[in-house]
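These notes concern the structure reproduced below.
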Amino acid sequence: MLTRRLSPRRFLTRWGPALPLLVFTTATLVLPAIMLVYESFALPDGGLGFEHITKVASNPVDRQAIGGSLALGVVQATLATAIGAPAAWLITRMRLGGRAFWLSLMNVASNFAGIGLAFGFVALIGSTGMLTLILKALLGVEGNPFPSTGSFNGMNLVYLYFNVPMFVLLTLPALSVLKNDWQEAAEVCKATRWQFWRYVGIPVLSPFVIAGWLLVFTWTIGVYAVAYAVAASPGSQKLITLQIGTTLETSVFGLGRAAVLSVLLMILAIGATVLYRLCLKRAARWL
Amino acid sequence: MTRRVFLGLLAVYFGLPLLAALLYSVATRWTDTPLPDGYTLSHWINVFAKPDVVGALGRSLLLSAVVVVIEIVLVVPAAYWSVVHNPRIGSMIQTIAVIPFAIPWVVVGAGIQLVTKSVAPQLFGTFWLLAASTAAISFPFMYRAVESSLLAAGAVQLSEAAATCGASPMRTLLKVIVPAIRGGVVSGALLVIATAMNEFALAKILVGVSFETLPLWSARQFVSRTLGDPNALAVVTIFTFGLLFALSALVVWLGRGRVSASMGGNTIS
């Protein structure tokens, strides 16, 4: 099949109607990715080298941004898992009404994103935010007790708003693999609750939970809109995506630096996605 | 007990930012009291009379419409051919479809800027570049929706029947297949519209001020908070949120029975 040469006519009848889409997506998604890799090694004199990479690696702001994105990704993935996993478990055990309420709440939250979400948090915990004013009126708290939304802690507070629902919506279908019968079977065998979780629950669910962790990590390091909004104030946390954005806007010739940072994000995202797929494949044994 | 406290705190956390934005959109004056001094609908009325907001909303709607058209034209024939004639098309496209899920859109934007700079600099900052890029990142939604409804409608049998009756492939596609998969196309289009209406990274990087979409307008107001109009921003925030929520609810309602894949599915690859 593969060895036989396709005549142009035969090629067209097999691939023709799909060619526009294939050409379009290659030009807009595949080619840009390849160009970014090339650009990060391209030198001004036309050769190839590591100049852009060493420049980024020695730039203190870029290093802060890389550290900031990695730390935010890890902290977010861990927090979203720590909050989302028990929440998802509680939601699956709810009666129909409660479950419907929580699912709609998660859907509502996952739709409140981007610049609007940043605005919502500033309106809530900014210096004249609702919660800040309530604390002042009720408890006499002076000043703003909350972290600035542009700080590392503030970003964590904001990001959880979309990461927790994402984790819950993602793992909810998976939790149903843990059959009620298994729990009953364990009880019949006089297993304690702890033993059930230790030997059945956690081993079965952990690939799904790890997959969720990886996805939150991937998603977090790539966030741009919310980050752009909350980081508008001076002295805010540096992130890779923000560095890419400012570099592209401020200098047409600084593309090499943006390319290196983009390729770094790409490697992280692709790595996490590959691991994510492996986890799900492993988890699928129980489906 | 701990369970109640945990869920209660979570509900408060998810409710409050939305409530704060909502109250801001109907507050008369709200500076140093826990709740607004009074309530009014005048911001809602005034905002949609402001030329910059109306313009931005119009541009976002235009972008969504163009992106949907591009995607229908590109995706439907490809998905049809993949399901009926050549499954290798499908696996190739699924591989490409991983890119917009895994790679951050700001990176996609940087790459597209790079390609445009070296291939067609005259496209730089134009509406068409933004439309093509937005179509690129949102095409997996359309592809998946169309593909699953082709399978559900039995496209293979339908085309065989049409071919037996002597219909050409083009005629089969337009007269038999497209009517049968309307539902899938509509669901895909709704997800694409939701993406296009709220997409920020590509618009910011590729066109910036020359084509101010609604998210770009919001960002400008937000960043220049002292000069901007917080009440108007609150109205646009709640409006955008309501629109996205309605779109996702509509997708769920259209796909009753096979809900889980499309909801929150923005993120599942």
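The values are calculated or read from the model by the stated rules, or taken from the named source; none is laboratory data. Computed from a predicted model, the values in this text were never measured in an experiment. As a convention, Cβ positions derive from the backbone with ideal geometry for all residues, glycine included, and neighbour counts pool all protein chains shown. Accessible surface areas use protein heavy atoms only, side chains included; no ligands, DNA or RNA. Shrake-Rupley method; radii C 1.70, N 1.55, O 1.52, S 1.80 Å.
When each of A:ILE240, A:ILE210, A:ILE267, A:ILE244 is tested for being surrounded by fewer than 19 Cβ atoms within 10 Å (Cβ to Cβ) and modelled with pLDDT of 80 or more, the lone residue that passes is A:ILE267. Residues that are surrounded by fewer than 17 Cβ atoms within 10 Å (Cβ to Cβ) and either more than 10 Å from chain B (Cβ to nearest Cβ) or touching a His at 6+ places or on another chain (Cβ under 8 Å) (or both) number at least 1 in the following helices (runs of 4 or more DSSP H) confined to the range A:18-64: A:51-58. Could you tell me whether the range A:67-76 includes any residue that is open to solvent by 40 Å² or more (accessible area, probe 1.4 Å) and not in a helix (DSSP H, G or I)? No - not one qualifying residue is present in the range A:67-76. With respect to B:PRO34, determine if the residue is facing chain A (nearest Cβ under 7 Å), open to solvent by less than 60 Å² (accessible area, probe 1.4 Å), not aromatic (Phe, Trp, Tyr) and not in a helix (DSSP H, G or I). Answer is yes for this residue.
Of the residues making up the range B:63-77, at least one is closer than 29 Å to B:VAL192 by Cα, of a type in the set (Gly, Ala, Ser), more than 10 Å from chain A (Cβ to nearest Cβ) and part of a helix (DSSP H, G or I). Restricted to the range B:84-171, the set of helices (runs of 4 or more DSSP H) holding at least 2 residues that are surrounded by 13 or more Cβ atoms within 10 Å (Cβ to Cβ) and facing chain A (nearest Cβ under 9 Å) comprises B:87-102, B:105-119, B:127-153.
Please state which one of A:LEU96, A:LEU103 is within 12 Å of chain B (Cβ to nearest Cβ), more than 30 Å from A:VAL263 (Cβ to Cβ) and open to solvent by 40 Å² or more (accessible area, probe 1.4 Å).
Of A:LEU96, A:LEU103, the one residue that is within 12 Å of chain B (Cβ to nearest Cβ), more than 30 Å from A:VAL263 (Cβ to Cβ) and open to solvent by 40 Å² or more (accessible area, probe 1.4 Å) is A:LEU103.
Scanning the range A:175-198 for residues that are touching a residue at least 60 places away in the same chain (Cβ under 8 Å) and open to solvent by 10 Å² or more (accessible area, probe 1.4 Å) yields A:LEU175, A:SER176. Taking the condition within 18 Å of the chain's Cα centre (by Cα), at pLDDT 90 or above and more than 13 Å from every other protein chain (Cβ to nearest Cβ), does A:ALA77 pass? Answer is yes for this residue.
Of the residues making up the range A:215-236, not one is at the interface with chain B (Cβ under 8 Å from one of its Cβ atoms), among the polar types (S, T, N, Q) and part of a loop (DSSP other than H, G, I, E, B). In the range A:133-157, which residues are in a helix (DSSP H, G or I) and buried (at least 24 other Cβ atoms within 10 Å of the Cβ)? The one that is in a helix (DSSP H, G or I) and buried (at least 24 other Cβ atoms within 10 Å of the Cβ): A:MET155. Under the condition of being more than 16 Å from A:ALA82 (Cβ to Cβ) and either within 9 Å of another protein chain (Cβ to nearest Cβ) or not in a helix (DSSP H, G or I) (or both), the residues counted in the range A:163-186 number 7. Among the residues of the range A:123-135, which ones are more than 20 Å from B:ALA11 (Cβ to Cβ) and facing another protein chain (nearest Cβ under 8 Å)? If the condition is that a residue be more than 20 Å from B:ALA11 (Cβ to Cβ) and facing another protein chain (nearest Cβ under 8 Å), then A:THR128, A:LEU133 are the ones that fit.
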